[in-house]
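These notes are about the structure you will find just below.
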Amino acid sequence: MNSFEFNKESFKITSIIFRVSVLLVFFLLCGSCVLHKKKVSFRSEKAFTVYLKDSIPMSVDLMFDDSNKPLKYYAHIFAPVCEEKICYPLVVDVSWDLLGNFDEYSLPIDSPLTKFDHEVFNKEDVDKMHKILSDKSSVLKFYSSQDLVDSSETKKSSVVDAITGATNKTLQSSIVSGAVHSSYLLWHIVNGAAADSILQHTESLLNDSMLTQMLESNNYHYQYYALGKIPKDRISDFLPAVIRLVGTGKEYVPYFAIEKIPEEAWMSSETQQSILNLLNQVDFKIQNQVINKLKDKRLTEAALDKLISNFGILKPSQIIKSLDTIITNQDILDYNLLLKLACLLGNPNAELTEKVYDLLKSQSKNFPDLEKITEKYKKGTSSTQEEK
């Protein structure tokens, strides 16, 4: 055996010893991982156990708030990360929401996340890792650990006598630079079996109290999930919370909430007024959804008053649609409501004013004073046309 072969063989043996040593330290420490768990101020109980890399147990706890309601899930992660000949333990505390969506992670002071050559994460790296872990649709889900590096490009470590492949270029935006294996492993721990088991565990605990808690939260994942879990024959039990989401729901939740309100509920005076009270809180699209839902509905006098009172914040096209609903209910219009509508005769939108004029004209037989208003409007219109 020449000197080159001897040195090569010695390097292999040294590398093997190094990796075995790291793993031995890991398994020795793992037995006392509970001692290093992040201290929390909430009551918690063990929910289930999942296995990392098919053999390393990770206990996931369910935490409760001061009212003893489920708050979130938590786990202390202690797993080995090996990049070629370089191995080190990954130590991190992770929490998820009640549906298995990543919440946050924190690091022990004495075990910071590191990159290639044991370079400690800076703030930018820490923030990027949070963003990576929050992305359930990351391309990392489609890659195996063998695909993470490009063996055709290499770089040498300055810490140990080893060479590693360069990061696969298609993954560079989906990992923390210099920490491809840590990014990959942690993403799969956070968004893999643990997340699925969390959702299953929450569903096993689901009850009216938890549904209400989710509906009343500011988490749109909770809002959408809870709306989908309310039985069709029990919507009325959760109706106030559902209506509230029309005005305060996040993302696409308000649209889903509107569709969850059953037809019979739209006939209730309380429901009508509750929803119409939201018109000045929601955007143009949600206003349209509400107005469309009211079409052909039998409204109460109080609801008609509320609808007309909101005309000041609506666009002409929305008022025209609303007038169709008002005309459907014109038999219960009183004089004061008709006077409010008469104020629209000065609107520059011709279709709108014509609709109001026709309505007032038809009601003049019940309220003679309306005849004077309509005649005055007609004369004014004729004079304007003559001037033109």
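The values are calculated or read from the model by the stated rules, or taken from the named source; none is laboratory data. This one's a predicted model, so the numbers in the text were calculated from it and none came from an experiment. Cβ coordinates were reconstructed from backbone atoms using ideal geometry, including for glycine residues, and neighbour counts include every protein chain displayed. With ligands, DNA and RNA removed, areas are computed over all heavy atoms of the protein, side chains included. Shrake-Rupley method; radii C 1.70, N 1.55, O 1.52, S 1.80 Å.
Between Trp266 and Ile313, what's the calculated FRET efficiency when r is the beta-carbon distance and R0 is 30 Å? Round to 0.05. For Trp266 and Ile313, the calculated efficiency is 0.90. Placing +1 on the Cβ of every Lys and Arg and -1 on the Cβ of every Asp and Glu, with no other charges, gives region 243-388 a dipole of roughly 260 debye about its Cα centre. Placing a label point 7 Å from the Cα of Glu259 along the Cα-to-Cβ direction, the residues of region 273-287 whose backbone N falls under 17 Å of that point are 285-287. Ligands, DNA and RNA excluded, the heavy atoms of Val139 present near 60 Å² of accessible surface to a 1.4 Å solvent probe. One chain, two ends: Ser364 and Tyr51. Fully extended at 0.36 nm per residue, the span grows by 104.8 nm beyond their Cα-Cα distance. Put a dot 7 Å past the Cα of Glu375, heading toward its Cβ, do the same for Asn292, and the two dots end up 4.3 nm apart. Taking θ as phi - 60° and the Karplus parameters 6.51, -1.76 and 1.60, the scalar couplings of region 101-109 work out to 7, 4, 9, 6, 9, 9, 10, x, 4 Hz in sequence order, x denoting glycine and proline. Cross-link check: pairs Lys293/Lys340; Lys260/Lys321; Lys295/Lys315; Lys72/Lys141; Lys295/Lys378 evaluated at a Cα-Cα cut-off of 20 Å; pairs beyond the cut-off: Lys293/Lys340; Lys260/Lys321; Lys72/Lys141; Lys295/Lys378. In this rough spin-label picture, where each label sits 7 Å from Cα along the Cβ direction, the Asp147-Asp110 distance is 3.9 nm. Could you please state how large a percent of the accessible area of region 185-237 is carbon and sulfur, counting protein chains only and using a 1.4 Å probe? Accessible surface attributable to carbon and sulfur in region 185-237 totals 46 percent. For Asp103, the residues whose modelled amide H falls within less than 5 Å of its own, excluding neighbours fewer than 5 places apart on the same chain, are Ser95, Trp96, Asp97. Dividing the convex hull volume of the alpha-carbon atoms in region 213-317 by its residue count gives 90 Å³ per residue. Between Glu354 and Lys250, the simple spin-label model (points 7 angstrom out along Cα→Cβ) gives 4.7 nm. A probe of 1.4 angstrom, applied to the heavy atoms of all protein chains, finds Lys46 with accessible area near 130 square angstrom. Taking all protein chains together, His201, His188 sort by accessible area into His188, His201, largest first [probe 1.4 Å]. Surface composition of region 250-382: carbon and sulfur atoms hold 51% of the protein heavy-atom accessible area at a 1.4 Å probe. Residue separation of Thr328 and Glu203 scaled by 0.36 nm, minus their Cα-Cα distance, works out to 40.5 nm of gained length. Per residue, region 258-388 exposes 54 Å² of accessible surface when a 1.4 Å probe is rolled over the protein heavy atoms with every protein chain present. Give, as a single signed number, the net charge of other residues whose beta carbon lies under 13 Å from the beta carbon of Asp196, with Lys and Arg counted +1 and Asp and Glu -1. Net of charged neighbours comes to +1. What you get for region 252-304, charging only the Cβ of Lys and Arg (+1) and of Asp and Glu (-1), is a dipole of about 140 debye around the Cα centre. Using Cβ point charges alone (K and R +1, D and E -1), the dipole size of region 216-302 about the Cα centre works out to roughly 160 debye.
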